[in-house]
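What follows is a single structure, written as structure tokens, with notes after it.
Every number in this text was worked out from the coordinates using simple rules, so none of it is lab data. Because the structure is predicted, anything quoted here is derived from the model rather than measured. FYI the Cβ positions are ideal-geometry reconstructions off the backbone, even for glycines, and counts take in every protein chain you see.
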Amino acid sequence: MAIGPDSADRFEAYFRDHQIPFRGVPDPSAQLLSALGQEWRLMAFGRMPAIIAYGRDGSEAARHLGRSPRDLGDIDAIVATLLA
């Protein structure tokens, strides 16, 4: 699931237009994103990438909070953690 700081209409259109195969949750006020630890940086023009993965039991299995817009984390390592 992805959480984004856009309106519900914009978020839905983005997921539809890009045929994203999982659910998205709009968070236009960014309250949920902030509560999860995702940072906002004025000089980087917005929110930094964040990946928070949860295991089947609901516990946090992996977390990557980006420090720049291009710091996307190692998704392969996160998936490997989830599959272990």
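Quick one: how many residues across the stretch 1-44 are under 19 Å from residue 63 (Cβ atoms) and surrounded by 10 or more Cβ atoms within 10 Å (Cβ to Cβ)? Steps first, please.
Taking the stretch 1-44 as the starting set, the residues that turn out to be under 19 Å from residue 63 (Cβ atoms) are 1-5, 22, 25, 27, 30-41.
Narrowing the set further to residues that are surrounded by 10 or more Cβ atoms within 10 Å (Cβ to Cβ) leaves 2-5, 25, 27, 30-34, 36-41.
Of the residues in that region, 17 qualify.
Residues in the stretch 20-40 that are within 15 Å of residue 51 (Cα to Cα) and either touching a residue at least 60 places away in the same chain (Cβ under 8 Å) or not hydrophobic (A, V, I, L, M, F, W, C) (or both): 23, 24, 34, 37, 38, 39. If we scan the stretch 45-67, do we find a residue that is of a type in the set (A, V, I, L, M) and loosely packed, with under 13 Cβ neighbours inside 10 Å? The answer is no, given that none of the residues of the stretch 45-67 is of a type in the set (A, V, I, L, M) and loosely packed, with under 13 Cβ neighbours inside 10 Å.
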